[in-house]
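The values are calculated or read from the model by the stated rules, or taken from the named source; none is laboratory data. Just so you know, these numbers come straight off a predicted model, no measurement behind them. Counting neighbours? That spans all protein chains shown, and the Cβs are built from the backbone with ideal geometry, glycine included.
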Amino acid sequence: MRITVWGINYAPELTGIAPYNVALCEFLRARQHEAEMLTTFSYYPAWKKLPEDRGQLFRTDVMAGVPVHRCWHFVPARVSALKRILHEGTFVLTSTLRALTLRRADVYVVVSPPLLLGAAAWLVSRLKRSRFVFHVQDLQPDAAVGLGMLKAGLFTRVLYQLEAFSYSTAARVSGISDGMLEMFRRKGVPEEKLVFFPNGVVLPPREEFPPRGEFRRKHGFAAEEFLAIYAGNLGVKQGLDILIDAAPQLASSGVRIVICGDGAEREELATRARELQLPNVTMLPLQPAGEYAAMLVDADVCLVTQQAGSGSAFFPSKLLNTLAYARPVVTVADAESQLARALEQGQFGVNVAPGRPHELAETLEALRHDPDRLQKYGEAGRVFVEQFENSAVSERFLEVLKTVA
């Protein structure tokens, strides 16, 4: 079976959607299918292309046996609503042109965002006499409106119409969480079209965990410091201001907040931390794969945050790697969010409502003095995350692709 995965993110990007696109393509190749990736030149989460990629229009790489067809797109130095539209629109345009020159796929797996990619996939699949699965990683219009990034009006109505068009023309519509599938139902997607395709995770055997202490030694953190670590994209949706706001209350407590990552809000967060002269906040770059695992095993607790209004269906997949290494979690999320509901179901940590930095500080201080509770949360998380084991998740999705093709 020939399968084209079509989305804006791929390796060498280390965070966000890219690792899941990589996992799918490599899984399909391992199952002897002709899988290829149609994507951009990497830019995320720094919103900056690599020097060797700048000025290139098209290029095909081969990564782990997967042909990766890269297309030029506009990457703004500073992200705004208009610039994001141009950013996504240029990718949709150039990748559609590239898709028309490639061999026909038996099925296209179209990863949204960008939302407009659904309309492009309809055009290509019509011309190529094929079909497509619309795989949604984020409900883009709902999230933008919920966060106040877009106001209700003509433009948002157009976005919702594009969304409905993508759902109606796709052979299947897949989502990464139960909450997302429930939103599809509310939007009128027929039950027979719905597919649950969560992001997967590789579950390392415990004997293969990195030894504790490597990350602390490298960055000069004392063995007795309680490390509360956030790692991933530093964007608006993550609502990371609460970590800076909580830090002063923890300044003499032995709790250190470590923020590892890159993204649109990094400079703003770093500036605030400097202005407040916070001795217990450390900002580090995004950690590569090997060092990321060392970071996780040295974390006393991992932080997963969301801005209020991010939506009930959004599920930050960074949570899965955290739980795979049996780390306890403190989440910051609306009570009705998929993240808060997962935590309640799995009992692997504590949730704090957005906008309550004092409560967050008190929670971290209490956990610092309760190692038994932390151990219990970590073990519960490892059990919870087993349902997302990558090969099992991908195998089920492959069976869906076979029925579509």
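Does region 12-25 contain any residue that is in contact (Cβ under 8 Å) with a residue 40 or more places away in the chain and more than 18 Å from the chain's Cα centre (by Cα)?
No, there is no match, as no residue in region 12-25 is in contact (Cβ under 8 Å) with a residue 40 or more places away in the chain and more than 18 Å from the chain's Cα centre (by Cα).
Test of understanding: among Glu395, Glu379, which residue is under 26 Å from the mean Cα position of the chain (by Cα) and either closer than 18 Å to Tyr20 by Cβ or in the same structural domain as Val133 (by TED's automatic domain parsing) (or both)? So that I can check it myself, show each step before the final result.
Values: Glu379 fails: either closer than 18 Å to Tyr20 by Cβ or in the same structural domain as Val133 (by TED's automatic domain parsing) (or both).
After applying the criteria, what remains is Glu395.
For region 171-225, name all the residues that are free of Cβ contacts under 8 Å to residues at least 24 places away in the same chain and under 19 Å from the mean Cα position of the chain (by Cα).
Once the filter is applied, which keeps residues that are free of Cβ contacts under 8 Å to residues at least 24 places away in the same chain and under 19 Å from the mean Cα position of the chain (by Cα), region 171-225 yields Leu181, Phe196.
Quick one: which residue in Ala18, Ala81 is outside the structural domain of Lys318 (by TED's automatic domain parsing), among the small types (Gly, Ala, Ser) and buried (at least 18 other Cβ atoms within 10 Å of the Cβ)?
Working: Ala81 fails: buried (at least 18 other Cβ atoms within 10 Å of the Cβ).
Going through Ala18, Ala81 in turn, just one is outside the structural domain of Lys318 (by TED's automatic domain parsing), among the small types (Gly, Ala, Ser) and buried (at least 18 other Cβ atoms within 10 Å of the Cβ): Ala18.
Residue by residue, here is whether (1) in contact with a Gly (Cβ under 6 Å, 6 or more places away or on another chain); (2) in a helix (DSSP H, G or I); (3) modelled with pLDDT under 90 holds:
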{"site": "Arg256", "(1), (2), (3)": "no, no, no"}
{"site": "Gly261", "(1), (2), (3)": "yes, no, no"}
{"site": "Leu286", "(1), (2), (3)": "yes, no, yes"}
{"site": "Ala294", "(1), (2), (3)": "no, yes, no"}
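Output the residues belonging to region 49-97 that are acidic (Asp, Glu) and over 22 Å from the mean Cα position of the chain (by Cα). Break it down into steps so the answer makes sense when it comes.
Our first condition is that a residue be acidic (Asp, Glu); within region 49-97, this holds for 52-53, 61, 88.
Once the filter is applied, which keeps residues that are acidic (Asp, Glu) and over 22 Å from the mean Cα position of the chain (by Cα), region 49-97 yields Glu52, Asp53, Asp61.
Given the residues Asp241, Asp245, which is the only one that is of a type in the set (D, E, K, R) and in contact with a Pro (Cβ under 8 Å, 6 or more places away or on another chain)? Steps first, answer last, please.
Working: Asp241 fails: in contact with a Pro (Cβ under 8 Å, 6 or more places away or on another chain).
One residue alone meets the criteria, Asp245.
Going by the structure shown, is Thr271 under 30 Å from Glu208 (Cβ atoms) and at pLDDT 90 or above?
On the way: under 30 Å from Glu208 (Cβ atoms): no; at pLDDT 90 or above: yes.
Considered against the rule, which asks whether it is under 30 Å from Glu208 (Cβ atoms) and at pLDDT 90 or above, Thr271 comes out as no.
Quick check on Leu28: is it touching a Lys or Arg at 6+ places or on another chain (Cβ under 9 Å) and either of a type in the set (Lys, Arg) or buried (at least 19 other Cβ atoms within 10 Å of the Cβ) (or both)? Steps first, answer last, please.
Working: touching a Lys or Arg at 6+ places or on another chain (Cβ under 9 Å): no; either of a type in the set (Lys, Arg) or buried (at least 19 other Cβ atoms within 10 Å of the Cβ) (or both): yes.
Judged against the criteria, Leu28 is not a match.
It is to be established whether one or more residues within region 345-361 are in a helix (DSSP H, G or I), closer than 28 Å to Val111 by Cα and without any contact (Cβ under 8 Å) to a residue 12 or more places away in the chain.
no
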